[in-house]
1. Given the conditions (1) under 14 Å from residue 57 (Cα atoms); (2) open to solvent by 70 Å² or more (accessible area, probe 1.4 Å); (3) among the small types (Gly, Ala, Ser), which single one is not true for residue 173?
2. If you check residue 77 against the conditions, is it closer than 17 Å to residue 146 by Cβ, open to solvent by 20 Å² or more (accessible area, probe 1.4 Å) and of a type in the set (S, T, N, Q)?
3. Please determine whether any residue of the stretch 78-101 is farther than 29 Å from residue 185 by Cα and either under 14 Å from the mean Cα position of the chain (by Cα) or of a type in the set (Phe, Trp, Tyr) (or both).
4. Look through the stretch 136-154, keep the residues that are touching a Ser or Thr at 6+ places or on another chain (Cβ under 8 Å) and part of a loop (DSSP other than H, G, I, E, B), and return whichever of them is surrounded by the most Cβ atoms within 10 Å (Cβ to Cβ).
5. Name the residue, out of 84, 152, that is modelled with pLDDT of 95 or more, more than 16 Å from residue 195 (Cβ to Cβ) and not hydroxyl-bearing (Ser, Thr, Tyr).
6. For residues in the stretch 118-130 being more than 25 Å from the chain's Cα centre (by Cα) and assigned to a loop (DSSP other than H, G, I, E, B), which is farthest from residue 159 (Cα to Cα)?
7. Just one of (1) under 14 Å from residue 57 (Cβ atoms); (2) open to solvent by 50 Å² or more (accessible area, probe 1.4 Å) trips up residue 125, so point out which.
8. Residue check, residue 183 against (1) over 13 Å from the mean Cα position of the chain (by Cα); (2) part of a strand (DSSP E or B), all met but one. Which one?
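The values are calculated or read from the model by the stated rules, or taken from the named source; none is laboratory data. This one's a predicted model, so the numbers in the text were calculated from it and none came from an experiment. Quick reminder, even Gly has a Cβ in these numbers, built from the backbone with ideal geometry, and neighbours come from all protein chains shown. Surface areas here come from the heavy atoms of the whole protein model, side chains and all, with no ligands, DNA or RNA. Shrake-Rupley method; radii C 1.70, N 1.55, O 1.52, S 1.80 Å.
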Amino acid sequence: STLFPTRRSSDLQIVRKIYYFLLDTIQTILVVASFIMVLYAFVIQPNQVSGSSMYPTFKDKEYLLSNLLNVRFNKYTRGDVVVFHSPVEVDKLYIKRVMAIAGDAIMVNEGKVYLNGTELDESVYLDPSVLTYGGAFLGDGIERVVPDGFIFVMGDNRPNSSDSREWGFLDRSKVVGESLVRIFPFNKFHVIHNPYKDQKL
């Protein structure tokens, strides 16, 4: 007659343990999910490369991790790779390299890029055979000064990139993030370095 209540008490203890375990697990999942949502909204964000405008630096379908904080505090500069809302296809995100910032004078001439009157060394990310020509907005031999609140961007695949040479200066408010790391494919994991970070241009 004493076995039933003892078994029942034991069963209740097991149920309580399962209940508290599930409760702790759900709380942990909610905390982690909240943390990830905050990171995604304010700190970092994954972006997929679509197209070949940044080839060979980045290829189609690769995934990058972008830093949102630098953009919020206007910390990006020449040489940074940024993701932004396209000024010509509003529903799309573009990825390009910042070539000039507010106050810079930029020009393309005879296949070369000139920044503030000096030829820009792009050998770190471009093959020497790549030539840069002007477009509808920045024609060959024409120098333009970037106004406040704007930047000038180009894709690394110069012959096949829709960028500032065609549609003009990019409003900084359209920039979403600065690309920091290539995270996929996993065998091509790579930290994205700014070739001009330590140079005075």
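1. Every condition holds for residue 173 apart from (1).
2. Details: closer than 17 Å to residue 146 by Cβ: yes; open to solvent by 20 Å² or more (accessible area, probe 1.4 Å): yes; of a type in the set (S, T, N, Q): yes.
Yes, satisfied.
3. no
4. Of everything passing the filter in the stretch 136-154, 138 is surrounded by the most Cβ atoms within 10 Å (Cβ to Cβ).
5. Working: 84 fails: modelled with pLDDT of 95 or more.
Step by step, each of 84, 152 is checked, and only 152 is modelled with pLDDT of 95 or more, more than 16 Å from residue 195 (Cβ to Cβ) and not hydroxyl-bearing (Ser, Thr, Tyr).
6. Keep residues of the stretch 118-130 that are more than 25 Å from the chain's Cα centre (by Cα), which gives 118-119, 128-129.
Now narrow it down to the ones that are assigned to a loop (DSSP other than H, G, I, E, B): 128-129.
Values: 128: 14, 129: 12 Å.
Looking at the filtered set, the residue picked out is 128.
7. Unmet condition: (2).
8. If we test residue 183 against (1) over 13 Å from the mean Cα position of the chain (by Cα); (2) part of a strand (DSSP E or B), just (1) comes out false.
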